[in-house]
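Derivation of every value follows stated rules applied to the coordinates shown; laboratory data play no part. Predicted, not measured: the structure shown is a model, and the values here were computed from it. Every residue, glycine among them, receives a Cβ derived from its backbone with ideal geometry; neighbour counts consider all protein chains shown.
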Amino acid sequence: MARRTKILATLGPATDKEGVLESILAAGVNVVRINFSHGSEEEHLGRVKAVRQWAKANDTYVGVLMDLQGPKIRIASFKDGIKIQLNNGDSFTLDADMDELSGNKESVGIAYKTLPQEVKPGNVLILDDGKIVLEVISIESNKINTVVTQGGVLSDKKGINLRGGGLSANALTEKDKKDILIAAKAKADYVALSFTVSGDDVRETKALLAKAGCDAGVISKIERAESLVEETILDIIAESAGIMVARGDLGVEIGDAQLPAQQKRLIKLARSNDRIVITATQMLESMITSPIPTRAEVFDVANAVLDGTDAVMLSAETAAGDYPENAVKTMHDVCLETEKNPIAKTSHHRLHEHFKGIDETIAMSTMYAANHLGVKVIAALTQTGKTAMWMSRMSSNISIYAVSDNISTLRKVTLYRGVYPCGIEKTNDGDWEQVNAQVVKTLIKNKVVEKMDLVILTKGMYKDKSGGTNMMKILRVGDGNY
């Protein structure tokens, strides 16, 4: 049984060590994440090159997601790099005019200079992913005077969140716009947009990608409270290739207690609107320094799988952890075992809805037929991957192979739950018997099917035409009637 839920793993210093990248890819990573918050252009392009070389050598496909940093809503630095202890009841000032290297126990500068104009007395500011909590007492020009309500140790350049959201920082910064050019140079399959607030953020990102000649899909990271408004999130989802439930900043803004319900809601919304969804942040956090996970982490991964997430993400566990290969293997094992549960195989997707077009009708009809006929695999001949995407929204234990001669499409489907890329060579237009035979031959070669297995093929009447899927054929391997 092949694992259906995909693993997205972040690359970093740990995977740069000899043999580590190869070990995590062999352990089951489907898509790699390049984090633009760290590293140089040379490092990013070098990592992408290494991944693609490994994939080619191993006759497989690995997707590449490049993650934009987004706006820096952070404090500045403390004098001489010291760490300060803030205690409950202490007064502490965030000063936009303060020198960025002069922070002390009483005050610190801020990188986000308009913050004093965007907060008011009574607001709650959260620093360092929730470790420090400040209540705003007053605003004096460019100074925010606060009282510490949850103390702790504070160091340089820690993040700032406003409880409940509402900061006006643009999702795309000048750095992000430059990094989009790097993503285009790398021929990235996906670009992740940090701190997405509206569909306009996604539209702007898509326009910049198109201008750079890049066909990467945009994955909108949901990490601001205001993006959860029903009308807003639906617009974001409609404009995106998919979303990422970025539980770190989102949890800080809305409170951790609300996160589980929002995670389930976002996964359901993405799937019901035929979009990818990635569940991210602290999934196996303890494995940064431990060779085994906590049982709570195992349950967390399993619950995301049962909810229908397309992919689960590893961050520091692989980028900077001590046990990157163990983390990937653990993720693989948990996903595989969870997928055996009947809950992960049943679906009511589109059961009581009208279909939007002929191609979607073929996709949904194929899934119904496959589930009721004992079909071994589905082979969806596709130029864009859309047919395979529609099929993958219906939970099942039947493998879906996206068959294409388009390498960009083959890399993109690595992020679709239950979909596997299958490359074929171009054939003469109109010779469907030749195409069908080549597909079956490839599936046999890859040990996906054997003689007498039933296979469903979906395709369009005209090859190389996007959105033209209008045929479904059921065939039995080995009878020659292709």
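Inter-label distance, Thr60 to Lys72: 3.8 nm, where each label sits 7 Å from its Cα along the C-beta direction. Here Ile84, Ile400, Ile219, Ile110 are placed in order of increasing Cβ neighbour count within 10 Å, fewest first, which gives Ile84, Ile110, Ile219, Ile400. Taking the chain as the reference, fit the longest principal axis to its C-alpha atoms, fit the long axis of helix 41-57 to the helix C-alpha atoms, and give the angle between the two in degrees, 0 to 90, nearest 10. On a 0 to 90 degree scale, this one is about 20. In order along the range 116-124, the Karplus-derived 3J(HN,Hα) couplings, from 6.51 cos²θ - 1.76 cosθ + 1.60 at θ = phi - 60°, round to x, 7, 10, 10, 9, x, x, 5, 10 Hz, and Gly and Pro are given as x. For the chain, the longest principal axis of the C-alpha atoms and the axis of helix 230-239 are separated by about 50°. Which value in deg cm²/dmol, rounded to the nearest 500, describes the helix-derived mean residue ellipticity at 222 nm for the chain, given -39,500 (n - 2.57) per DSSP H run of n ≥ 4 and division by the residue count? One gets -10000 deg cm²/dmol as the mean residue ellipticity at 222 nm. Using the Cβ atoms and a cut-off under 14 Å, what net charge is assigned to the surroundings of Ala184, where Lys and Arg are +1 and Asp and Glu are -1? Net charge in that neighbourhood comes out at +1. Each of Asp189, Asp90 has some number of other Cβ atoms within 10 Å of its Cβ, and from fewest to most they run Asp90, Asp189.
Karplus-derived 3J(HN,Hα) values for the range 326-343, using 6.51 cos²θ - 1.76 cosθ + 1.60 with θ = phi - 60°, are 4, 5, 5, 4, 4, 4, 4, 5, 5, 4, 4, 5, 5, 5, 6, 5, x, 4 Hz; glycine and proline are entered as x. The fewest-to-most ranking of Lys376, Lys221, Lys268 by surrounding Cβ atoms within 10 Å reads Lys268, Lys376, Lys221. Counting only Cβ charges, +1 for Lys and Arg and -1 for Asp and Glu, the dipole size of the chain around its Cα centre is about 1480 debye.
Within 10 Å of each candidate Cβ there may be at most 12 other Cβ atoms; applying that plus a DSSP loop requirement, which GluC sites (Glu not before Pro) in the range 315-404 survive?
Glu353
Beta bridges from DSSP with both residues in the chain: antiparallel share about 40 percent, rounded to the nearest 5. The angle between the Cα long axis of helix 199-211 and the main principal axis of the chain comes to about 70°, on a 0 to 90 degree scale.
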